[in-house]
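Read the structure below first, then the notes.
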Amino acid sequence: MASFSGLSSSLIILFSLLFTISEAKEILVGGNSYSWSIPTSNETETLLNKWAEKSRFRIGDTLVWKYDGEKDSVLEVSKEDYEACNTSRAMKEYKDGNTKVSLDRAGPFYFISGAKGHCEKGQKLIVVVLSPRRNRFYGISPAPSPAEIDGPAIAPTSGVSSLRSGLVVAFGVLTFWLF
C-alpha cells in the first residue's frame, strides 16, 4: 500500500494539473496585434475565421482585440447583421483599441468592424464557444483554449487529449486507493 505522504503529494500534483488545464484564457484575436486591421482583401476574413475554426474557445475565455481606437471599432452583432455587414444594430460596440470581450455562453459570437466599408472588405469574425462537457465520472473539463495572449495562436494538439485521458486514469486509481 502506498504511503499517505506519497499519496497526498500525488493528489496535490493531480489537482494542480486539472486546474491548470481548465483555466480560462485571454486570447489575442488572430494570434497577433495586427489581425484586426484594415483588410487588403477578402482573405483577411478567411484568415481570421480559419484561425477561429482551429481554436477551441470555452465559456470564461476572453477575446482581446488590439487596434487603433480612433480609426476602427469592434461590434458584436447578430448572425443576420454579420452576414449583411449591418453596423447600425450592434448588440455591443467597443472603441477603446484594447477591447476585451468575455465569452459568457456556449454558441456562436459574431463580430464585425465598425469602420465604414471594413466589414464589406472582410474584417469580421465568427467565434464558436464549446458547450461545457464534463467527463461523467470525474468532472474533467474539455481541452484548453487557444494559446494565451503572449503566445502564438496554435490549436490544441492531441497531446492535451492524451494528457487529459491519463489524468482521468490517474484520478481513478488514486480514488480507488483512497477508498
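Read the figures in this text as sums done on the coordinates, not as results from a lab. Source: prediction; values computed, not measured.
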### Query
If you stretched the chain out fully between Ala24 and Lys71, how much longer would it get, using 0.36 nm times the residue separation minus the C-alpha to C-alpha distance?
13.9 nm
## Note on the structure
Residue separation between Leu130 and Arg89 times 0.36 nm, minus their alpha-carbon distance, gives in nm 12.2 nm
### Potential lengthening between Ile38 and Ala106 on full extension [0.36 nm per residue; Cα-Cα distance subtracted]
21.6 nm
